[in-house]
Each structure stands twice: as structure tokens, then as C-alpha cells.
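For reference, the structure discussed in these notes is given below.
The values are calculated or read from the model by the stated rules, or taken from the named source; none is laboratory data. Note that the structure is predicted; figures quoted are calculated from it, not measured. Cβ sites come from the backbone with ideal geometry, for glycine too, and all protein chains shown count toward neighbours. All accessible areas refer to the heavy atoms of the entire protein, side chains included, with ligands and DNA or RNA removed. Shrake-Rupley method; radii C 1.70, N 1.55, O 1.52, S 1.80 Å.
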Amino acid sequence: MNRTAIREQTFKLIYSLEIQKQENLEEAIKLYEESNEITDNNAKTYMKETIFGIQKYKEEIINQIKENLKEDWKIERISKIDLAILQLAIYELQHTEIPFKVAINEAVELAKKYGEDSSKNFVNGVLASIVKNSEEGKI
């Protein structure tokens, strides 16, 4: 399983956790892996680390999204799909060694595949703003 496929599976898991509001993450991850026949150890490790990482930094990630929305936007307006993509990408940008261009490109590709027509531009805009602010030392 390549990194893009692993990231896509992780996005799907994040999205399902958003919808289902699972309390036991360990159990939810295991169930997801079993039901999607994920046996690749690299995939399992990445998924688990990412899900727990997003959970650990959830407040910080949500604040990053809020701070980088256009003035007339509220986080409640963001679709669950776009929110899941943003959470994954922001976690990768700020807590992994993945280059920002890769994280943003992968997020935009997920938005094209799963989001609405405007999702790719929205996701790209929010993530570009976060990167710009981090380069300016604002985060």
C-alpha cells in the first residue's frame, strides 16, 4: 500500500469518526482495519499515529482552521469531508516530517475526489494560509 492509499484510508477513518462520534479510538481503528482488510503494518502504524495525533492536537488544529477561514466563514459551515481533510493535512503539516507541498497536494487531491466542486479551492486556500502564517512566525 503506497503513502497516498494509506492517507486516503486514514482520511476515510477520520471522516467516519467525525460522523459516528466514536469514544474508543483504539477499537474504532481496529474495526476499520478489519472491515477494510488493511493488513499493511506501515498503514496500520500511520493510521494509528495520525488518529491519536489528531485527537491529541484537536483543539490546536480546529483553532488553526478557524483562524484561517475568511471573515464571513464559520467552522460549522465546513462539510465533514472538508473538515476531515483539513484535520489530516494540518496534522501532517505541523506534526510530521512530510513536506508542506506534499501534504497540501494530497489534501487537494482528496478534496477533488471526495468533496464538492469548491472543496479543492477551499482546502488549498486554508492550508496555504496556514503555511504562509507559519513561515511568518504567526503560529
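A few points about this structure:
- Contact annotation: residue pairs with Cβ atoms under 6 Å, 6 or more positions apart or on different chains, pairing a residue in region 102-117 that is touching a residue at least 12 places away in the same chain (Cβ under 8 Å) with a partner that is open to solvent by 60 Å² or more (accessible area, probe 1.4 Å), are Val108/Lys120; Val108/Asn124; Ala111/Lys120.
- Lone unmet requirement of (1) within 18 Å of Met47 (Cβ to Cβ); (2) open to solvent by less than 60 Å² (accessible area, probe 1.4 Å); (3) out of contact with any Ser or Thr (no Cβ under 8 Å at 6 or more places or on another chain) for Leu69: (1)
- Selection of helices (runs of 4 or more DSSP H) fully inside region 1-84 by the criterion of at least 2 residues being closer than 27 Å to Asn121 by Cα returns 3-20, 41-56, 58-67.
- Across region 13-31, the number of residues qualifying as at pLDDT 90 or above and of a type outside the set (A, V, I, L, M) comes to 5.
- Extreme residue, farthest from Ala5 (Cα to Cα), among residues of region 116-137 that are open to solvent by less than 40 Å² (accessible area, probe 1.4 Å) and under 13 Å from the mean Cα position of the chain (by Cα): Val126
- For Asn105, the conditions (1) under 16 Å from Lys120 (Cβ atoms); (2) buried (at least 20 other Cβ atoms within 10 Å of the Cβ); (3) out of contact with any Leu (no Cβ under 6 Å at 6 or more places or on another chain) all hold with the exception of (2).
- Pairing residues of region 45-74 that are free of Cβ contacts under 8 Å to residues at least 60 places away in the same chain and within 18 Å of Ala128 (Cβ to Cβ) with residues that are open to solvent by 20 Å² or more (accessible area, probe 1.4 Å) and of a type in the set (A, V, I, L, M), at Cβ distances under 8 Å and at least 6 apart in sequence or on separate chains, gives Lys66/Ile75; Leu69/Ile75.
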